[in-house]
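Here the structure comes first, spelled out in structure tokens, and everything after it is commentary.
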Amino acid sequence: LLDLSPDGIIIKKPDGTITFWSMGAEKLYGWTKEQAIGKKIDTLLKTNAQTSLEEIDNQLRREGRWSGEITHQTKIGRTITVQSYWLAKFDEEGQIVEIFESNLDVTERKDAQRLAVIGQTAGMVGHDIRNPLQAIIGDVYLAKMNLAALQGGEEKESLRESLDAIQNQTE
């Protein structure tokens, strides 16, 4: 039944040695069961967590569970972000004997969130730039109206060309 889950389900010893590797884990990471079982998970997947592995271990010992985001590396070297859920199995003396780990790939969601933030920032920057530019366009228009009232000459023509250049560059 665990193999039917699309999530990467892994069972490991407290030292990180993999004892079970689901079909979902094969699809997610690229390593077969034969290649993964017996390996240290953190070495195989180049685990990187925002929370230190020591803190995760402490929470597992205290509460029997942990959840958070982790980055892993697939067999082909692609870095992925997973939402990881860990459950600890304890023996009669309260020692962890196995850890059940279920990993759901959230890389695309994280990338979409990052792009949304970039889009929001670009919108704010555009707005912050557009307001002063609109004021410049308005002032150029008024200056041209005042210039039209002046008598002709070389200075008037030079000033009109300068105002046209300011307007064109601002637009």
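The values are calculated or read from the model by the stated rules, or taken from the named source; none is laboratory data. Note that the coordinates shown come from a computational prediction; the quantities given were computed from them, not determined experimentally. All Cβ positions, glycine included, derive from the backbone under ideal geometry; neighbour counts span all protein chains shown. All accessible areas refer to the heavy atoms of the entire protein, side chains included, with ligands and DNA or RNA removed. Shrake-Rupley method; radii C 1.70, N 1.55, O 1.52, S 1.80 Å.
Observations on the model:
- Top-ranked residue of the range 54-105 - restricted to ones that are open to solvent by 80 Å² or more (accessible area, probe 1.4 Å) and in a loop (DSSP other than H, G, I, E, B), ranked as nearest to Leu2 (Cα to Cα): Lys75
- Positions within the range 33-53 being open to solvent by 90 Å² or more (accessible area, probe 1.4 Å), in contact with a strand residue (DSSP E or B) (Cβ under 6 Å, 6 or more places away or on another chain) and over 16 Å from Lys13 (Cβ atoms), in sequence order: Lys46, Asn48
- Meets criteria (part of a loop (DSSP other than H, G, I, E, B) and either touching a helix residue (DSSP H, G or I) at 6+ places or on another chain (Cβ under 6 Å) or exposed (fewer than 10 other Cβ atoms within 10 Å of the Cβ) (or both)) for Gln151: yes
- Cβ-Cβ distances below 7 Å connect the following pairs, each with a first residue in the range 33-61 that is in contact (Cβ under 8 Å) with a residue 60 or more places away in the chain, a second residue that is of a type in the set (Gly, Ala, Ser) and surrounded by 14 or more Cβ atoms within 10 Å (Cβ to Cβ), and a separation of six or more residues or different chains: Ile41/Gly16.
Listed here are the residues, each with its yes/no results for (1) outside any loop (DSSP other than H, G, I, E, B); (2) farther than 19 Å from Gln83 by Cβ; (3) in contact with a strand residue (DSSP E or B) (Cβ under 9 Å, 6 or more places away or on another chain); (4) in contact (Cβ under 8 Å) with a residue 24 or more places away in the chain.
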residue: Ile9; (1), (2), (3), (4): yes, no, yes, yes
residue: Pro14; (1), (2), (3), (4): no, yes, yes, yes
residue: Phe20; (1), (2), (3), (4): yes, yes, yes, no
residue: Ala25; (1), (2), (3), (4): yes, no, yes, yes
residue: Leu28; (1), (2), (3), (4): yes, no, yes, yes
residue: Trp31; (1), (2), (3), (4): no, yes, yes, yes
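- Of all residues in the range 33-53, those that are part of a strand (DSSP E or B) and of a type in the set (A, V, I, L, M) total 1.
- Checklist (1) out of contact with any strand residue (DSSP E or B) (no Cβ under 7 Å at 6 or more places or on another chain); (2) open to solvent by less than 60 Å² (accessible area, probe 1.4 Å); (3) at pLDDT 85 or above applied to Ala135, failing item: (3)
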